[in-house]
Amino acid sequence: MKFMEKCFSFTAQRDRLYRYHFYFSGLRSAITDFGDGTVMHCWVPKSQRPNKPNLLLLHGFGANTMWQYGDLLRHFVHRYNVYLPDLLFFGGSRTARLERSETFQAQCVMRLMNEGHGVDKMSLVGISYGGFVGYSVAAQFPLAVEKVVLCCAGLCLEEEDMGGGLFPVADLDEAASILLPQTPDKLRELMRLSFAKTPLRVPSYFLSDYIHVMCTDHAKEKKELLQEILKDRKISNIPTITQPSLIVWGEQDQIFPLELGYRLKRHIGDNAELVTIKNAGHAVNLEKPNEFANHLKGFLLNDYNTYASFLKLHKRN
């Protein structure tokens, strides 16, 4: 076992397999240097097709964009020019600047799309923290964003919620120790909170390997991203977006409980539809990938009113 630990990383191997999958799906790896200390990595089409719409996929806290969207690529690469950036301090993206807000992340994403890849019109999907960033993109650049999908994105949490019993953790330090796990026990706790069906017990070696490969880089900066999310956060300060929006939530989400989905639906108003997926937790994109993909396709590929009518009929039945 000691020899294997030194010579073979299951996490690194899986990361390489995802990379091959992205290449074979018609994407290429691209680095954009803004020249101000900010560098962003993005998976982009090998050949952009002007007759196809553009789709921006934004990941949440975790390894990198490949791990969260690998199983969904096949549903969209033939219909869209698909762009999958690593957000700052994840994967191959970083900045020397001190800003940590989702507002700044959104500005960097938009700069990447505009200056880096010549994209000025798109729909977007944001999972968890990626939903915070995607919402900010839609709010700051309304003419550039056509449709918005927000998955388990606790945008409408407030700072006071941390101590108010809404979350299974009581403060930011405890939340950071779980969302940025540095020990196998903390990673097990994250898995328990992220999935409705608790995964089979994973040996500590595999968990330590994952932490070593995926969770050690930029740990300080990632904690600062979490701090910025909660800092003085009030629903009344969140702008309202006007784009047609789909909110998708795992019914048993313990990271961002479903109550936050209802808040977000009320905040956006009539332009939004909320869909809950049963027997799924926060990692609904991984736990129920086909059901998740079907909702995304139904919303993105159809007129909003048509999709809304379908949902109403589906709920009655």
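With +1 on each Lys and Arg Cβ and -1 on each Asp and Glu Cβ, how big is the dipole of region 2-316 about its Cα centre, in debye rounded to the nearest 20?
It works out to roughly 1180 debye.
Based on the inverse mean of 1/r over its pairs of different Cα atoms, what is the Kirkwood hydrodynamic radius of the chain, in Å?
When all Cα pairs of the chain are included, the Kirkwood radius is 20.0 Å.
Give me the percent of Cα-Cα pairs in region 99-150 that sit more than 13 Å apart, rounded to a whole number.
The share of Cα pairs beyond 13 Å in region 99-150 comes to 52 percent.
What list do you get for H75, H59 if you sort them by fewest beta carbons within 10 Å?
H75, H59
Just how many % of Cα pairs in region 46-177 lie over 26 Å apart, if you round to the nearest whole percent?
Result: 24 percent of Cα pairs exceed 26 Å.
Find, to one decimal place in angstroms, the Kirkwood hydrodynamic radius of region 240-302, where the mean of 1/r is taken over every pair of different Cα atoms and then inverted.
Kirkwood hydrodynamic radius for region 240-302: 12.0 Å.
For region 161-305, what size does the Cα cloud have along each of its three principal axes, sorted from largest down, in whole Å?
Its Cα atoms span 50, 37, 27 Å along the three principal axes.
Determine the percent antiparallel among the DSSP beta bridges restricted to the chain, to the nearest 5.
Taking every DSSP beta bridge with both residues in the chain, the antiparallel ones total about 35 percent.
Using Cβ contacts closer than 10 Å as the measure, can you line up H282, H78 from fewest to most?
H78, H282
Per the Kirkwood definition applied to all pairs of different Cα atoms, how many angstroms is the hydrodynamic radius of region 123-228?
In region 123-228 this quantity evaluates to 15.6 Å.
Test of understanding: ordering K297, K278 by Cβ neighbours within 10 Å, fewest first, what list do you get?
Ordered by Cβ neighbours within 10 Å, fewest first: K278, K297.
Against the empirical 2.2 N^0.38 Å scaling, what ratio does the C-alpha Rg of region 176-259 come to?
Working it through for region 176-259, the quotient is 1.36.
Roughly what percent of Cα-Cα pairs across region 222-264 reach past 14 Å?
Summing the P(r) tail past 14 Å for region 222-264 gives 65 percent.
List residues of region 160-194, by number, whose backbone nitrogen lies under 18 Å from a label position 7 Å along Cα→C-beta of Y262.
Backbone N within reach: 161-162, 164-168.
Quick note: the coordinates plus some simple rules give every number you see, no bench work behind them. Keep in mind that what you see is a predicted model, and the values were worked out from it rather than measured. Every residue, glycine as well, gets a Cβ built from its backbone with ideal geometry; the counts of neighbours run over all protein chains shown.
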